[in-house]
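Input: a single structure, listed below in structure tokens.
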Amino acid sequence: MAMDLRCSDSMPCHDQKANSVSTPSSEPLRPGDLISDQAGGNSASKSKPTVLAGHAPCSVPAELEPQACSVAGLNSESSGGSGNCDAPTGESLLGNHEVSQQIGTQLKLLPMNDQIRELQTIIRDKTASRGDFMFSADRLIRLVVEEGLNQLPYKECIVTTPTGYKYEGVKFEKGNCGVSIMRSGEAMEQGLRDCCRSIRIGKILIQSDEETQRAKVYYAKFPPDIYRRKVLLMYPILSTGNTVIEAVKVLIEHGVQPSVIILLSLFSTPHGAKSIIQEFPEITILTTEVHPVAPTHFGQKYFGTD
């Protein structure tokens, strides 16, 4: 017997299969209760609980109490993801689609699939070996970079094939560059060079001041004509967003308009993405996941200093 399955949201269903239909419980549901997804399937990424509106249970682990996170904030982000607190507290667990709708079209997410979900899982797994971690991180970085290049302008062209056929295609316009926010942003440089062999890459070093705990720019080096280029700003983990905001301010001081900046990131918290978009509404953020818990250990584990 054929069954008509429909997604409850606007995102397309990904090969969902109905194994069984459970009988509704007679007990009334209360705010905060979990409703199991009725769609079956072998993939863990396709079976997610839904939290009823109201006083939902906190999704952040118990060790992330406000007392433990009170001094993390900027320190964990400006050090390239080396803090012990994974994310700001007090944020509700929203799906990528819901967060994207709240923030706006400037936040772009890679289409989710099981391959990306597995890479995210390995990166977050504290028991993963450094070799598996780096391999998965480099793969995910490559996917983000490829999609970032897809956001750049191109123009149509005609080429001649070896058989003499005139083929109508496209080619990217010149005038692009990359900028990495040290240290964790340097992990994304090779992925960009693998796709653009001769692209120029600038660097920014931003750390928190020991006295004021505010983001402070210690070093900045860019191509001399960066004000005429499209900029791929690379920073893998967006926690509070403060480091990226300071980096964008430095780029603006060098003549770069926020509208030509594409921020390439692997993971972002809702707070971090919102902070950046509110400060610079014209900037574009490209990431794979928006989640209240960010893997802030990324920089230390990638470079072997954990």
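The values are calculated or read from the model by the stated rules, or taken from the named source; none is laboratory data. Since this is a predicted model, take the numbers as computed values, not measurements. Backbone-built Cβ (ideal geometry, glycine too); neighbour counts: all protein chains shown. These accessible areas exclude ligands, DNA and RNA; they are computed on the full protein's heavy atoms, side chains included. Shrake-Rupley method; radii C 1.70, N 1.55, O 1.52, S 1.80 Å.
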- Meets criteria (hydrophobic (A, V, I, L, M, F, W, C), open to solvent by 30 Å² or more (accessible area, probe 1.4 Å), over 15 Å from the mean Cα position of the chain (by Cα) and within 28 Å of His254 (Cβ to Cβ)) for Phe172: yes
- Message: Tally up the residues in the range 275-297 that are of a type in the set (D, E, K, R) and crowded, with 20+ Cβ neighbours inside 10 Å, please.
- Response: 1
- Query: Would you call Glu168 modelled with pLDDT of 90 or more and farther than 16 Å from His297 by Cβ?
  - Reply: yes
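Residues checked against (1) surrounded by 14 or more Cβ atoms within 10 Å (Cβ to Cβ); (2) within 23 Å of Lys249 (Cβ to Cβ); (3) free of Cβ contacts under 8 Å to residues at least 12 places away in the same chain; (4) touching a Gly at 6+ places or on another chain (Cβ under 9 Å):
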{"position": "Gln120", "(1), (2), (3), (4)": "yes, no, no, no"}
{"position": "Asp125", "(1), (2), (3), (4)": "no, no, yes, no"}
{"position": "Arg142", "(1), (2), (3), (4)": "yes, no, no, yes"}
{"position": "Cys177", "(1), (2), (3), (4)": "yes, yes, no, yes"}
- Given the conditions (1) under 21 Å from Thr288 (Cα atoms); (2) more than 22 Å from the chain's Cα centre (by Cα), and given that Asp125 satisfies all but one, which numbered condition is not satisfied? (2)
- Taking the options Arg214, Arg183, name whichever one is open to solvent by 70 Å² or more (accessible area, probe 1.4 Å) and under 19 Å from the mean Cα position of the chain (by Cα). Arg183
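Residues are listed down the side, and each one gets a yes or a no for (1) buried (at least 19 other Cβ atoms within 10 Å of the Cβ); (2) at pLDDT 95 or above:
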{"residue": "Arg228", "(1), (2)": "no, no"}
{"residue": "Thr240", "(1), (2)": "yes, no"}
{"residue": "Leu251", "(1), (2)": "yes, yes"}
{"residue": "Leu266", "(1), (2)": "yes, yes"}
{"residue": "Gly299", "(1), (2)": "yes, no"}
{"residue": "Thr305", "(1), (2)": "no, no"}
- Within the range 253-261, can one find any residue that is open to solvent by less than 10 Å² (accessible area, probe 1.4 Å), under 16 Å from Thr287 (Cα atoms) and among the β-branched types (Val, Ile, Thr)? yes
- Output yes when any residue across the range 193-204 is free of Cβ contacts under 8 Å to residues at least 60 places away in the same chain, open to solvent by less than 90 Å² (accessible area, probe 1.4 Å) and polar (S, T, N, Q), and no when none is. no
